[in-house]
Amino acid sequence: MPTISIVTICFNNLEDVKRTCESVDAQEHKPFEHWIINGSTTTDVADWLDNIPQPSYRKWINERDKGIADAFNKGIAYCKGAVIHILNSGDLYAANDVLAIVNKTLEENDKAQWVSGKIKLKRGGEWVEVGKPFSASKVYRGMRSVSHPTWFVKNEVYKRVGEYSSEYKIAMDYDMMCRIAKEPYCFINKTLAVFDDAGISTNNYIASLKENIKVYEANFGYSIMCRVWQFRLKMIYLLLQSNIGKKLFLLKKKLKLENV
């Protein structure tokens, strides 16, 4: 059975860390290890980790980092499990059997180097569960359907393709997806994670779309398709900020088309 290492990065958000840890601890199949990479400027997270009893699989590092990519890389470097899942502080597992499902999927699909699934998040102010199988031919579309919080990636993949790039401040996960696009993959048709929409990619969505173009073209060269698609995502995002857009999305949800 594959061993799963979880990496949770955090920055001055103790309550988010607690919720994420509770979600990990509630799993029926416990992780091999759970690394907390704490780059906080305050002592709240460190005090909680150091002074409150934690499960034996929880480990942590309390030191400043150089940003999100650097924190990801620190966590991955410490992981000894066969599979690595990055579950950011504030994000949760969608059910208590997620790790068990991932383990079973990887056992049954032993050639798969990474898996992803559906995610629960807010769009147009509505909670929806979305996610589609990854397609290497559609990487130019970004990560709208293949959410990073649902990725479970084999440790050997990171050793093969390298670290998350510190060149990117928001789209380092998209860059990683471009680099693992040809790795054998398997989709899990279940909701695996609940996304905390207070993160940098949500609050800086327009900037992330611009960075997506930079990422894609750095990996694959100039692309009209990528530029057009990212413009499309921008228009959808702006529409969803309006009352009309929210009403249209509510109708789409009622028709069960939110994942189309």
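Based on DSSP, what percent of beta bridges with both residues in the stretch 9-153 are antiparallel, to the nearest 5? Display every interim value, and only then the final one.
On the way: 8 of 15 bridges.
Antiparallel bridges make up about 55 percent of those DSSP assigns within the stretch 9-153.
With +1 on the Cβ of every Lys and Arg and -1 on the Cβ of every Asp and Glu, and nothing else charged, how large is the dipole of the stretch 104-260 about its Cα centre, in debye rounded to the nearest 20?
Working: 28 positive and 16 negative charges, 156 e Å.
Charge dipole of the stretch 104-260: 740 debye, to the nearest 20.
Under the rule of -39500 (n - 2.57) per DSSP H run of 4 or more residues, summed and divided by the residues of the chain, what mean residue ellipticity at 222 nm is obtained, to the nearest 500 deg cm²/dmol?
Working: 10 runs with 106 residues, N = 260.
Rounded to the nearest 500, the figure is -12000 deg cm²/dmol.
List every residue whose amide H lies under 5 Å from the amide H of Gln113, counting only residues 5 or more places away in sequence or on a different chain, with H placed 1.01 Å from N in the peptide plane.
Long-range HN contacts for Gln113: Tyr185.
Taking the stretch 1-146 on its own, what percent of its Cα-Cα pair distances exceed 27 Å? Don't skip to the end; give the middle numbers.
Details: 2679 of 10585 pairs.
Tail of P(r) above 27 Å: 25 percent of Cα pairs.
List every residue whose amide H lies under 5 Å from the amide H of Gly81, counting only residues 5 or more places away in sequence or on a different chain, with H placed 1.01 Å from N in the peptide plane.
Sorted by chain and number, the residues that satisfy this are Ser5.
Over the stretch 1-149, what is the mean sequence separation of C-alpha contacts under 8 Å (at least six apart), divided by residue count, expressed as relative contact order in percent? Intermediate results must be reported in sequence, preceding the final value.
Numbers: 238 pairs, mean separation 44.0, N = 149.
Over the stretch 1-149, the number comes to 30 percent.
May I ask what percent, to the nearest 5, of DSSP beta bridges between residues of the chain are antiparallel?
Working: 11 of 33 bridges.
The antiparallel fraction comes to roughly 35 percent.
Which of the trypsin sites (Lys or Arg not before Pro) found in the stretch 78-173 are in a DSSP loop and have at most 12 neighbouring Cβ atoms, other than their own, within 10 Å? Display every interim value, and only then the final one.
On the way: sites: Lys80, Lys104, Lys111, Lys118, Lys120, Lys122, Arg123, Lys138, Arg141, Arg144, Lys154, Lys159, Arg160, Lys169; in loops: Lys80, Lys111, Arg144, Lys169.
Taking the stretch 78-173 and a limit of 12 other Cβ atoms within 10 Å, the loop trypsin sites (Lys or Arg not before Pro) found are Lys80, Lys111.
Work out how far the C-alpha atoms of the stretch 37-118 reach from end to end along every principal axis, then list the three figures in whole Å, largest first.
43, 27, 24
What is the Rg over Rh value, at two decimals, for the stretch 4-254, using alpha-carbon atoms and the Kirkwood definition of Rh?
On the Cα set of the stretch 4-254, Rg over Rh gives 0.95.
Throughout, read-outs are computed from the coordinates displayed, never taken from laboratory work. No experiment lies behind these values; they were computed from the predicted model shown. Cβ atoms come from the backbone with ideal geometry, glycine included; neighbour counts cover every protein chain shown.
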